[in-house]
Amino acid sequence: GNHGTRWFKLEDPRLPIGPPVPNQQWGIRCPATNETFRHGSDSGRSVSRLNYFLLLCPPEQLTAMIDLTNAKLMAKGAKALTKGEMLKFIGVVMLCTRFEFRERASLWSTTASGKYQPAACFGKTGMARKHFDAIWGNLTFSYQPDQRPDDVSSETYRWQRVKGFVDRFNEHRAQQIIPSDRLCVDESMARWYGKGGYWINHGLPQYVAIDRKPEAGCEIQNTACGRSGIMLRLKLVETAESESAHAEVDADTGLLHGTKVLKFLVMPWVRTGRIVCADSYFASVPAAAELKRLGLHFIGVVKTASRMFPQDYLARLELFNRGEREGVYCKAEGSDDPLFMAFVWVDRNRRYFISTTSSLEDGEAYSRVRWRQVNTEDPNVFPERMELVVPQPKAAEIYYSCCAMIDRHNRCRQDDLMLEKKLGTMDWSMRVNMSILGMIIVDTWLAYDGCTRTMNDYGSNGREKQSKFYELLAEELIDNSFDQVRTRAGRADEPNNNDPDQLLLSPIHVTPTKRKRHNKATGLETAHAFQGRCQDCLGKSTLVCSDCNRMGIHGTSNKETFMCKKCFPAHLLLVHSIT
């Protein structure tokens with residue numbers, strides 16, 4: 001027993017803990033078209049990067065940013081922003097990260113700073129430096145009253161600059177993103193080395209510095225999809241007690257603080273049977289029990305929260321080689337069905353797990369190439385590269401397949417996008433909000449990469465590199481046509497429906513055909529999309545009209561209505577009476 005919990009030795013490693021969890025594909029819902037974008041669904045790359053950004057950025061957040069920023073701009077007698085200008089501003093911010101510069105103003109210079117360094121010439125983006133500085137100086141992400149109410153603490157009042165953005169982010173992701181069967185729970189850091197801390201009512205309300213983290217600042221606990229890596233839910237660490245009390249029991253609920261945070265981070269997906277993978281901050285036997293009660297499976301690494309966990313017994317077991325594992329299980333009273341499994345697995349060090357799913361039978365072994373001194377007799381012999389193959393149980397394989405998704409997301413944001421490092425600010429809330437915006441941009445890359453990827457792209461040069469994607473997304477944001485107008489008798493200032501990037505926002509749209517080409521010699525289906533003739537210009541196209549195919553206007557389902565982007569606006573007007 002252990003704190004009243006009885007554990008039994010797991011004699012058969014094939015004994016499953018809980019029912020099997022079927023694989024589930026992740027997806028992104030498009031509310032305008034009722035489509036769901038999934039892995040490989042846009043292999044023809046018919047949807048622009050800008051539209052992926054608009055799918056993942058909460059529309060209510062864009063509206064709030066425009067309205068709140070305009071209130072400050074107009075109070076100073078400046079020109080109000082439009083949606084197109086806000087998107088252009090975000091594009092220019094992204095473009096700044098692609099350059100090396102000392103002062104931000106130098107990016108608008110038309111004179112090169114050196115003999116071999118060309119001038120950035122940001123003026124050709126269409127946004128003057130003065131206008132950019134005006135937006136940057138007044139940019140507001142969340143509503144905060146001008147004066148602190150008497151019944152609101154200084155800490156809560158300061159967090160209001162960020163909380164609105166976080167709430168809209170969480171609500172939008174819960175509605176629009178379909179996670180896979182695996183969820184990863186971890187934390188991120190918004191880089192900040194300026195003023196702030198719980199000891200002073202100024203600056204960042206809660207400053208966090210963790211030794212194992214490369215950056216310090218504002219800690220954000222979060223959930224991500226375990227297969228795509230797309231961020232799903234955020235929670236700010238608002239107080240010092242929240243940061244340090246993960247292993248303490250809450251007096252009101254009787255749960256560990258880490259378990260309370262874990263419940264909040266997975267709450268939109270309770271009763272769905274997904275697997276939650278979490279590190280030692282959240283992992284414990286009570287956490288596994290609470291998630292099981294909520295209809296979720298759990299796999300976590302146990303370090304400090306070892307109450308009810310048989311760590312002493314597992315630590316005494318004699319295990320010598322990498323890949324060895326031993327486990328015990330706990331069963332419900334009056335039943336022989338196992339509820340939890342606790343096991344130790346040896347890699348370089350011993351690692352202790354608590355799990356409510358999977359088993360200890362052999363999963364896919366992991367392979368690493370490492371330097372090894374094979375010849376130990378001669379001290380001058382050069383080492384050799386050796387392949388290290390370590391067997392691992394299925395439960396550990398599931399955990400390690402998704403536990404690093406948020407760490408990968410953090411590296412993409414901090415080291416590849418570099419919003420936090422390239423654009424300095426003296427305002428802590430600007431830094432935190434920009435970090436959350438950076439998460440949305442990284443999510444756009446992950447969604448685009450996943451939806452446009454095909455099996456032939458793995459390990460090849462067919463995939464678009466992350467740095468190139470950020471450049472092209474910045475271009476599409478800067479060149480957006482949301483503010484363009486066309487004139488026509490009787491109507492003016494109406495949206496430009498000729499913009500292909502906006503077609504996704506229309507209920508009737510062009511979509512890639514699901515038909516595939518066939519090899520003429522063998523007659524077998526290939527991975528390439530079928531090309532038909534556009535109904536108007538007779539040019540080749542892989543796109544079809546969504547509504548014509550649904551209604552069967554042009555005959556049976558195998559007689560598709562192929563359209564090119566150039567002719568589609570006229571088709572909307574003539575066939576569907578949409579201008």
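The values are calculated or read from the model by the stated rules, or taken from the named source; none is laboratory data. Everything numeric here is computed off the predicted structure, so don't read it as measured data. With ideal geometry, Cβ positions are generated from the backbone for all residues, glycine too; neighbour counts draw on all protein chains shown. Heavy atoms of the whole protein, side chains included, go into the accessibility calculation; ligands, DNA and RNA do not. Shrake-Rupley method; radii C 1.70, N 1.55, O 1.52, S 1.80 Å.
Kirkwood hydrodynamic radius for the chain: how many Å is it when counted over pairs of different Cα atoms?
Numbers: mean 1/r = 0.0368 Å⁻¹.
It is 27.1 Å.
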message: Run the reach check for residue 540 against lysines, Cα to Cα strictly under 29 Å, same-chain hits fewer than 8 apart removed. What comes back?
response: 465, 468, 514, 516, 520, 559, 565, 566
query: Rounded, prolate or oblate: which fits the range 1-154 when a ≥ b ≥ c are the square roots of the eigenvalues of the alpha-carbon gyration tensor, with rounded for a/c under 1.5 and prolate only if a/b beats b/c?
result: prolate
statement: Phi angles of the range 22-37, converted by Karplus (6.51 cos²θ - 1.76 cosθ + 1.60, θ = phi - 60°) into ³J(HN,Hα) in whole Hz with x for Gly and Pro, give x, 5, 10, 7, 7, x, 10, 7, 10, x, 6, 10, 6, 8, 10, 8
query: Can you give the angle from 0 to 90° between the axis of helix 466-478 and the longest principal axis of the chain, with both taken from C-alpha atoms, to the nearest 10?
result: 40 degrees
- request: Just check the range 334-486 against the gyration tensor rule for me: Cα atoms, a ≥ b ≥ c as the square roots of the eigenvalues, rounded for a/c under 1.5, and otherwise prolate or oblate depending on whether a/b exceeds b/c.
  value: prolate
field: Between the range 1-44 and the range 324-367, the alpha-carbon center distance in angstrom
entry: 17 Å
query: How high is the relative contact order of the range 30-157, given as a whole-number percent (alpha carbon pairs under 8 Å, six or more residues apart)?
result: 24 percent
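Compute the FRET efficiency between residue 427 and residue 321 as 1/(1 + (r/R0)^6), taking r as their Cβ-Cβ distance and R0 = 60 Å, and round to the nearest 0.05.
On the way: r = 54 Å, r/R0 = 0.90.
Efficiency for this residue pair is about 0.65.
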field: Mean separation of Cα contacts under 8 Å (6+ apart) over length of the range 281-345, as relative contact order %
entry: 25 percent
task: Please list, in chain and number order, the residues 5+ apart from residue 227 or on another chain whose amide H is under 5 Å from its amide H, with Hs placed from the backbone.
output: 180, 182
field: Student exercise, the chain dipole from Lys, Arg, Asp, Glu Cβ charges, in Debye to nearest 20
entry: 1680 debye
query: the range 15-58: percent of C-alpha pairs farther apart than 16 Å?
result: 50 percent
statement: Relative contact order as a percentage, the chain, C-alpha pairs under 8 Å and 6+ apart, gives 18 percent
field: Percent of beta bridges antiparallel (DSSP, the chain, rounded to nearest 5)
entry: 85 percent
Furthest towards positive pole of dipole, 418, 236, 192, structure part the chain, Cβ charges: 418
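Looking at the range 119-223, which trypsin sites (Lys or Arg not before Pro) are DSSP coil and have at most 15 other C-beta atoms within 10 Å of their C-beta? Could you put the intermediate results ahead of the total?
Values: sites: 124, 129, 130, 158, 161, 163, 168, 173, 182, 191, 195, 212; in loops: 195, 212.
Counting only loop positions with at most 15 other Cβ atoms within 10 Å, the trypsin sites (Lys or Arg not before Pro) in the range 119-223 are 195, 212.
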- line: In whole percent, the Cα-Cα distances of the range 176-236 spread across 5 Å bins from 0 upward as 4, 18, 21, 18, 15, 10, 8, 5, 1
- prompt: With every protein chain present, what accessible area does residue 151 have (1.4 Å probe, heavy atoms only), rounded to the nearest 10 Å²?
  reply: 140 Å²
- line: Quick calc: nm separation of the 7 Å Cα→Cβ label points for residue 570 and residue 385 -> 5.7 nm
- line: The answer for residue 256, listing residues at least 5 apart or on another chain whose modeled amide H is closer than 5 Å to its amide H, is 250
query: Using a simple charge model, +1 on the beta-carbon of Lys and Arg, -1 on the beta-carbon of Asp and Glu, nothing else, what dipole does the range 334-467 show about its Cα centre, in debye to the nearest 20?
result: 520 debye
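Got a number for carbon plus sulfur as a percent of the chain's accessible area, 1.4 Å probe? If you can, show how the numbers build up before the last one.
Details: 14270 of 28840 Å².
That fraction is 49 percent.
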Sequence-distant residues sharing a close amide H with residue 196 (under 5 Å, placed H): 204
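Quick one: accessible area per residue over the chain, 1.4 Å probe, rounded to a whole number of Å²? Walk me through the numbers on the way to the answer.
Values: 28840 Å² over 579 residues.
With all protein chains present, the chain gives 50 Å² per residue.
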- request: Using θ = phi - 60° and the Karplus relation 6.51 cos²θ - 1.76 cosθ + 1.60, list the HN-Hα couplings for the range 562-575 in order, rounded to whole Hz, with x at every Gly or Pro.
  value: 6, 9, 9, 4, 5, 8, 5, x, 5, 5, 4, 6, 6, 8
- prompt: So what's the back-of-envelope 222 nm ellipticity for the chain, counting only DSSP H runs of four-plus at -39500 (n - 2.57) apiece and dividing by all residues, rounded to 500?
  reply: -9000 deg cm²/dmol
Karplus (6.51, -1.76, 1.60) ³J(HN,Hα), θ = phi - 60°, over the range 370-386, in Hz, Gly and Pro reported as x: 10, 6, 9, 8, 5, 8, 9, 6, 9, x, 9, 6, 6, x, 10, 7, 10
- request: Could you pull the accessible area for residue 479 with a 1.4 Å probe, rounded to 10 Å²?
  value: 110 Å²
query: In square angstrom, rounded to the nearest 10, how much accessible surface does residue 36 have for a 1.4 Å probe?
result: 50 Å²
task: Using a 1.4 angstrom probe on the protein heavy atoms only, line up 420, 35 by accessible area, largest first.
output: 35, 420
